[in-house]
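Everything on this sheet refers to the single structure shown next.
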Amino acid sequence: MQVINNLISNSLKFTPDGGNIDIYIQENKRNIVVSVADNGIGIPKKHHAALFDKFTSARRSGLKGEQSTGLGMSIIKAIVDWHNGNIWFESEEKKGTKFFIELPKR
């Protein structure tokens, strides 16, 4: 729940008013994949490699000036790792971002 909450919160920070945030769930025999997609400002390519680092250099203020500590994405990654899952994203500036969380079924 915390992971999804943080991802939605980030989407809200970086998607202009009137934008879209979508949540998808896919299931197969072994895994469940949850994705959170937005059509916000996207993540610059130069920040992709460091996005999940603690106190990342990728941190930025939200569109309405919301501050960032640079810890949110590292916390998300840690929680997903604790559940033996994977997290990754696709992003393009000015087109949006889509995060994927893959968790094993138990």
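General observations
- Residues being in contact with a Lys or Arg (Cβ under 8 Å, 6 or more places away or on another chain) and at pLDDT 95 or above - total across region 67-91: 4
- Residues that are part of a loop (DSSP other than H, G, I, E, B), out of contact with any strand residue (DSSP E or B) (no Cβ under 8 Å at 6 or more places or on another chain) and over 12 Å from PHE52 (Cα atoms), drawn from region 66-102: GLU66, GLN67, SER68, THR69, GLU93, LYS94, LYS95
- Of all residues in region 74-106, those that are touching a Pro at 6+ places or on another chain (Cβ under 8 Å) and surrounded by 18 or more Cβ atoms within 10 Å (Cβ to Cβ) total 1.
- For region 33-58, filtered to residues that are β-branched (Val, Ile, Thr) and out of contact with any Gly (no Cβ under 9 Å at 6 or more places or on another chain), the residue that is modelled with the lowest pLDDT is ILE43.
- Residue that is modelled with the highest pLDDT [pool: residues in region 5-32 that are over 20 Å from GLU93 (Cβ atoms) and under 12 Å from the mean Cα position of the chain (by Cα)]: ILE23
The values are calculated or read from the model by the stated rules, or taken from the named source; none is laboratory data. The model shown is predicted, which means the values in this text are computed figures rather than measured ones. Neighbour counts run over all protein chains shown; Cβ positions are idealised from the backbone, glycine included.
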